[in-house]
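Novice: Below are the structure tokens for one structure; questions will follow.
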Amino acid sequence: MASQGSAWYVDFFRSDYLNVYGHMFTEERAEKESAFVARTLGLKPGASVLDLCCGQGRHSVQLAKRGFKVTGLDLNAEYLDLASKAAEAAKVTIETVAGDMREIPFENKFDAIVNMYSSFGYLESEAEDLKVLESAVKALKAGGQLLLDMLNREWAIDNYIQNDWHTGADGTLYVERRDLDLATSCMHVHFIVVDPKGGRRESIGHIIRLYTLTEMTRLLERVGMRVTAVFGGFEGEDYGIVTRRMILVAEKRS
């Protein structure tokens, strides 16, 4: 469970996150998603890019390979160490910064900011989420672009499965329960972790606020950004009810 006084996103991302979802984070997937980012945003070599909530740096490294000046920001210093080691192994350079996504410590610095794999909507309220967008706008250059890769709320409701499970490479069983509160649009995902010897524990899991396209368009407009494109996935497919992702591209007004 969470340490006294700490938010779930502090405790869950200490270890359980990579244990639960790490099998999905292949290099092939990161390369494909980063290629989409570069192509969609029209970034040229040398462009400055902030990977917001960069985690272990899988996108940061791939973007650096494409010749961009990449900064990775994350709350978890251990993930930043992993990102730095991954960059070193790939023979690329990235800058890492430990920080809160609501308080990006840069101003008018980046040509683009990317926020990948449903990392927006973790905070305690919509007001706190809005602070993230305000901070991102401040860190972007005039005309800079923000790309948000989000779970599509419409798809999540239409494909809602409350209970699920999968087995890790080491034989650990992860039993997953999803509770969707339609009044708040928050999805709380809990895990029971059973190790190969039968030991059992509960993980704090994670909570994400799911936004509609209408809501996100309004939030972005409030902070001085204009939505320029919406996609349903990394193949560039059109966004719709049946697409699992909602990938928004917005531009900072000059």
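The values are calculated or read from the model by the stated rules, or taken from the named source; none is laboratory data. Since this is a predicted model, take the numbers as computed values, not measurements. Only protein heavy atoms, including side chains, enter the accessible area calculation; ligands, DNA and RNA are left aside. Shrake-Rupley method; radii C 1.70, N 1.55, O 1.52, S 1.80 Å.
Novice: If the cut-off is a Cα-Cα distance under 25 Å, which lysines reach K138, setting aside same-chain residues fewer than 8 apart in sequence?
Specialist: Straight-line reach from K138, under 25 Å: K44, K69, K109, K252.
Novice: In bins 10 Å wide, starting from 0, what share of all Cα pairs of the stretch 28-91 does each bin hold, as a percent?
Specialist: Once binned at 10 Å, the Cα pair distances of the stretch 28-91 give 25, 57, 18, 0.
Novice: Can you grab the distance from the C-alpha centre of the stretch 125-165 to the C-alpha centre of the stretch 60-77, Å, no decimals?
Specialist: So the separation of the two Cα centres works out to 19 Å.
Novice: Could I ask something else about it? Run the numbers on the stretch 160-203 and let me know its relative contact order in percent, using alpha-carbon pairs under 8 Å that are six or more apart. Don't skip to the answer; put the middle values down first.
Specialist: Details: 71 pairs, mean separation 13.2, N = 44.
Averaging sequence separation for qualifying contacts and normalising by length gives 30 percent for the stretch 160-203.
Novice: What is the chain's relative contact order, in percent, from Cα pairs under 8 angstrom and six or more apart in sequence? Don't skip to the end; give the middle numbers.
Specialist: Numbers: 506 pairs, mean separation 43.9, N = 254.
Over the chain, the number comes to 17 percent.
Novice: Sticking with this structure for a sec: Going by amide H atoms built from the backbone, whose H comes under 5 Å of the H on I104, apart from near neighbours?
Specialist: none
Novice: Right, another one. To test your reading of the geometry: what angle, between 0 and 90 degrees and rounded to tens, separates the Cα axis of helix 77-89 from the longest principal axis of the chain?
Specialist: Here the helix axis deviates by roughly 70 degrees.
Novice: On average, how much accessible surface per residue is there in the chain, in Å², for a 1.4 Å probe, leaving out ligands, DNA and RNA?
Specialist: Numbers: 12280 Å² over 254 residues.
Ligands and nucleic acids excluded, the result is 48 Å² per residue.
Novice: Once phi is turned into θ = phi - 60°, what whole-Hz ³J(HN,Hα) does the Karplus curve with 6.51, -1.76 and 1.60 give for every residue of the stretch 209-219, x standing for Gly and Pro?
Specialist: 8, 9, 9, 7, 4, 4, 4, 5, 4, 5, 4
Novice: Using Cα pairs closer than 8 Å and at least 6 residues apart in sequence, work out the relative contact order for the stretch 48-106, in percent.
Specialist: Values: 110 pairs, mean separation 21.8, N = 59.
Relative contact order of the stretch 48-106: 37 percent.
Novice: Can you tell me the 0 to 90 degree angle between the C-alpha axis of helix 27-41 and the longest principal axis of the chain, rounded to 10?
Specialist: Helix 27-41 and the main axis of the chain meet at about 30 degrees.
Novice: Find how much the distance from K91 to S125 grows on full extension, using 0.36 nm per residue of separation minus their present alpha carbon separation; answer in nm with one decimal.
Specialist: Working: separation 34, 0.36 × 34 = 12.24 nm, distance 3.96 nm.
Fully extending the segment from K91 to S125 adds 8.3 nm.
Novice: Which number comes out as Rg/Rh for the chain once both Rg and the Kirkwood Rh are worked out on C-alpha atoms?
Specialist: Numbers: Rg = 17.9 Å, Rh = 18.8 Å.
Rg divided by Rh gives 0.95.
Novice: Alpha carbons only, please: Rg and Dmax for the stretch 72-188, in angstrom.
Specialist: Looking at the stretch 72-188, its Cα Rg and Dmax stand at 17.5, 50 Å.
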